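The values are calculated or read from the model by the stated rules, or taken from the named source; none is laboratory data. Because the structure is predicted, anything quoted here is derived from the model rather than measured. A quick note on method: Cβ atoms are made from the backbone with ideal geometry, for glycine too, and the neighbour counts reach across all protein chains shown.
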Amino acid sequence: MENDLNLKATELRLGLPGSDEPERQMIPRPNKRTLSDIVSEGSRSTTEEDHQDTAPPAKVQIVGWPPVRSYRKNCLQGKKDEVEGGTGMYVKVSVDGAPYLRKIDLKVYRSYPQLLLALENMFKLTIGAYSEREGYNGSDYAPTYEDRDGDWMLVGDVPWEMFISSCKRLRIMKGSEARGLGCV
Amino acid sequence: MEPSELKRSKDSPNSDESTRRSSFPDEVLERVLSLLKSHRDRSSVSLVCKDWYNAERWSRTHVFIGNCYSVSPEIVARRFPKIRSVTLKGKPRFSDFNLVPENWGADIHAWLVVFAAKYPFLEELRLKRMAISDESLEFLAVSFPNFKALSLLSCDGFSTNGLAAIATHCKNLTELDIQENGIDDKGGSWLSCFPESFTSLEVLNFANLSSDINFDALERLVGRCKSMRVLKLNRSVSLEQLQRLLVNAPQLAELGTGSFSEELTFRQYVELESALSNCQNMHTLYGLWDAKGIYLPALYPVCTHLTFLNLSYAALRSDELAKLLAHCPRLKRLWVLDTVEDKGLEAVGLNCPLLEELRVFPADPFDEEIIHGVTEAGFVAVSFGCPRLHYVLYFCRQMTNAAVATIVQNCPDFTHFRLCIMNPGQPDYITNEPMDEAFGAVVKTCTKLQRLSVSGRLTDLTFEYIGRYAKNLETLSVAFAGSSDWGMQCVMGGCSKLRKLEIRDCPFGNAALLSGLEKYESMRSLWMSACNVTMNGCRLLAREMPRLNVEVMKEDGSDDSQADKVYVYRSIAGPRRDAPPSVLTL
């Protein structure tokens, strides 16, 4: 048990401290037949597996299910819940030491890893992985953003939806200033 | 008439006999038969006697081929000499969901080559799930001087360059309908390829494409095509641009808007509303990407005479939908996203008493953490308010047997019932029982049922019900259901009108497959994937029924004896010769 607690404390997660995200695992629900079960079972009756599962579902990703056409999936990809600001959520991105700023559309991304990867590609730098305790320690750069209150916050602390609704601009800090953030 | 004279000398060995048999001249018979449009009626007519067969084949101008491999283009051309319009369908429907390998086939080119020789006056080509290359589109564009209508639905293999060829060369084009295809979008310049002298376009649908088109070219095109009645724009067209187009095309009957969300000034909003209110013929509205609730009132003037509203690309909330539907009393067909939730569907029931068709699509089908969407309550609410409902496609995350029983009691006229409970094998969430009684209620009550898609936890009992009651059923889709071979045997034995059966991830094996031996020749096709069918079972089927094509697609790393994906269809063209290595014909 103690080992578990230690692991949890240093676990790389994105979420509010103390919150517990359901883990996404590739294991089938105990009261459902997996694909291989269905195929090999033949005529085994379903009444054997009637006990209710109350845990949140952890699903196998099944090819072609639900039966939604790929065309329709692609159309809805860029669609998220309404964010103020009209089409696109373009914010300025500055990198310390760069001669000019860039703009990115936050609505295009669905998670922090996607955003950070895009920033890394755009500016040809390494930001590294986020950790709740250490921030982005271990790399020279730390992504920060200005929120509605005008405060400069470390990217990654709050849930994604909260982040994109409050982020007004991004600044990728460099060097000692960046490293310092991790130890606040 | 020349053709009938030629015919008499070629086809009837004894001309005295034939004149005795038919009570009126062939010309009259042909004239009468030319008024028959339904291809099923024509098939029946052709079976009456040899004279009628001949009269029918000479008078047929449109041919519908539901499976491109069931017949060859040469056979078609030999039988029907005067075709002007062709509808062809290719890949099995599950290719829409990535279950069919990439290079499976259904290439149109061989057909086009034959058509160019035998039907130089071809006017219309409608393709569904076919592979078509740019070269084929170019060939089409230059080979048929009278070509008028091209419709591509769920096709792939082509790019916007092919469309450019069509726009450039087809001087008499009236219809260009590009829907839901796997198209390589290389840019919008194809639209500028329509010559300035070109004015015949009546239907233009490029909603599928994502890149920007030259708006000036589009505006001029729409302005000079005075007969245009269907215009479906892509997302790149803004609201302001839409207004400019509508001012020049108030005669439009069907409109697909572009993006419905930019910031509009008050004056721009008023102008848009005014342009829309001039469209007195408009009965279909589509598109509305990223629709912002505040601009929807601009649509109200059009809503009063709308019969088809497709909101499946607009993530509306329940209150936004409710406000809009209050203005749509004549609606017959409605497509929405499940973002409208049950409350939105209650509004449907309250405002749209004439509704006949409802489709509810999932906005986030693959995100397990989403807990909203629609439930059984929304469907029930619609059924109370819309007794004429006969077509439904419903994606939900929970359902009960009792709810479905209520729904079909309220709406007994269902012809198409497609229910998708998105979690495979999920039972009635209140009683935890299988959903057998739900579908039992559907087939017992809805005697006109033609198409059924089942889902949820289902035992063989569901299929017993289907086999016993669904006597008009033609199309059945099954996934993650059934307990044993008996289930499929019930269906094969009971559903006399079955034409298309598609099954995935069910415990049906060789006994089930072979129980349909006698039946498959009267069906268009059978698909079975991830079931218990083996190669030996398939080989036996192929051996016993030589007029069926039995094709097996193997997955990497699967057991040699398992037939992972099986596609069986009747054919008078014999086994196909263009199958890729991953497809084995037995």
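Annotations
- Residue within region B:98-115 that is within 26 Å of B:LYS565 (Cβ to Cβ), of a type in the set (Gly, Ala, Ser) and either in the same structural domain as B:LEU526 (by the TED database) or in a loop (DSSP other than H, G, I, E, B) (or both) present: yes
- For B:LEU276, the conditions (1) closer than 18 Å to B:ARG333 by Cα; (2) out of contact with any strand residue (DSSP E or B) (no Cβ under 7 Å at 6 or more places or on another chain); (3) of a type in the set (A, V, I, L, M, F, W, C) are fulfilled apart from (1).
- Region B:431-475: number of residues that are in contact with a strand residue (DSSP E or B) (Cβ under 9 Å, 6 or more places away or on another chain), part of a helix (DSSP H, G or I) and surrounded by fewer than 24 Cβ atoms within 10 Å (Cβ to Cβ): 0
- Filter result (of a type in the set (D, E, K, R), within 16 Å of A:VAL93 (Cα to Cα) and not in a loop (DSSP other than H, G, I, E, B)) within region A:111-168: A:GLU120, A:GLU146
- Output for region A:165-184, where each listed residue is modelled with pLDDT of 85 or more and more than 25 Å from A:PRO99 (Cβ to Cβ): A:SER166
- Every condition in (1) more than 30 Å from B:HIS305 (Cβ to Cβ); (2) at pLDDT 95 or above holds for B:PHE384 except the one numbered (1).
- Screening B:PRO195 with (1) in a loop (DSSP other than H, G, I, E, B); (2) closer than 14 Å to B:ALA164 by Cα; (3) under 23 Å from the mean Cα position of the chain (by Cα) gives one miss only, at (3).
- Positions within region B:399-424 being at pLDDT 95 or above and not hydrophobic (A, V, I, L, M, F, W, C), in sequence order: B:THR400, B:ASN401, B:THR406, B:GLN409, B:ASN410, B:PRO412, B:ASP413, B:THR415, B:HIS416, B:ARG418
- Total residues in region B:546-564, condition over 11 Å from B:LEU586 (Cα atoms) and either at pLDDT 95 or above or in a loop (DSSP other than H, G, I, E, B) (or both): 11
Each row is one residue, and each column tells you yes or no for (1) within 14 Å of another protein chain (Cβ to nearest Cβ); (2) surrounded by fewer than 17 Cβ atoms within 10 Å (Cβ to Cβ); (3) farther than 25 Å from B:LYS91 by Cα.
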residue: B:ASP134; (1), (2), (3): no, no, no
residue: B:GLU138; (1), (2), (3): no, no, no
residue: B:PHE144; (1), (2), (3): no, no, yes
residue: B:PHE158; (1), (2), (3): no, no, no
residue: B:ASN172; (1), (2), (3): no, yes, yes
residue: B:LEU176; (1), (2), (3): no, no, no
residue: B:ASN181; (1), (2), (3): yes, no, no
residue: B:TRP190; (1), (2), (3): no, no, yes
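- Complete set of residues in region B:116-150 that are of a type outside the set (Ser, Thr, Tyr), in a loop (DSSP other than H, G, I, E, B) and closer than 30 Å to B:SER529 by Cα: B:ARG129, B:MET130, B:ILE132
- Of the residues B:PHE366, B:PHE417, the single one that is hydrophobic (A, V, I, L, M, F, W, C) and farther than 17 Å from B:LEU337 by Cα is B:PHE417.
- Residue in region B:389-399 that is within 15 Å of B:ASP342 (Cα to Cα), in a loop (DSSP other than H, G, I, E, B), of a type in the set (A, V, I, L, M, F, W, C) and in contact with a helix residue (DSSP H, G or I) (Cβ under 7 Å, 6 or more places away or on another chain) present: yes
- Which numbered condition B:LYS448 misses (of (1) over 26 Å from B:VAL100 (Cβ atoms); (2) touching a helix residue (DSSP H, G or I) at 6+ places or on another chain (Cβ under 7 Å)): (2)
- The single condition from (1) in contact (Cβ under 8 Å) with a residue 24 or more places away in the chain; (2) over 28 Å from the mean Cα position of the chain (by Cα); (3) farther than 15 Å from B:LEU334 by Cβ that B:ARG317 fails is (2).
- Positions within region B:399-442 being under 28 Å from the mean Cα position of the chain (by Cα) and within 12 Å of chain A (Cβ to nearest Cβ), in sequence order: B:ARG418, B:LEU419, B:CYS420, B:ILE421, B:MET422, B:ASN423, B:PRO424, B:GLY425, B:GLN426, B:MET435, B:ASP436
- With respect to the conditions (1) buried (at least 24 other Cβ atoms within 10 Å of the Cβ); (2) out of contact with any Pro (no Cβ under 6 Å at 6 or more places or on another chain), B:ALA542 lacks only one, and its number is (1).
- Search result, residues across region B:198-227 that are buried (at least 19 other Cβ atoms within 10 Å of the Cβ), in contact with a helix residue (DSSP H, G or I) (Cβ under 6 Å, 6 or more places away or on another chain) and assigned to a loop (DSSP other than H, G, I, E, B): none
- B:LEU498 vs. criteria away from chain A (no Cβ under 14 Å) and buried (at least 22 other Cβ atoms within 10 Å of the Cβ): yes
- In region B:505-542, the qualifying residues are those that are among the aliphatic types (A, V, I, L, M) and within 14 Å of chain A (Cβ to nearest Cβ), and the one that is nearest to the chain's Cα centre (by Cα) is B:MET528.
- Here region B:289-317 is the region considered, the condition is being more than 14 Å from chain A (Cβ to nearest Cβ) and closer than 25 Å to B:CYS396 by Cβ, and the residue that is surrounded by the most Cβ atoms within 10 Å (Cβ to Cβ) is B:LEU309.
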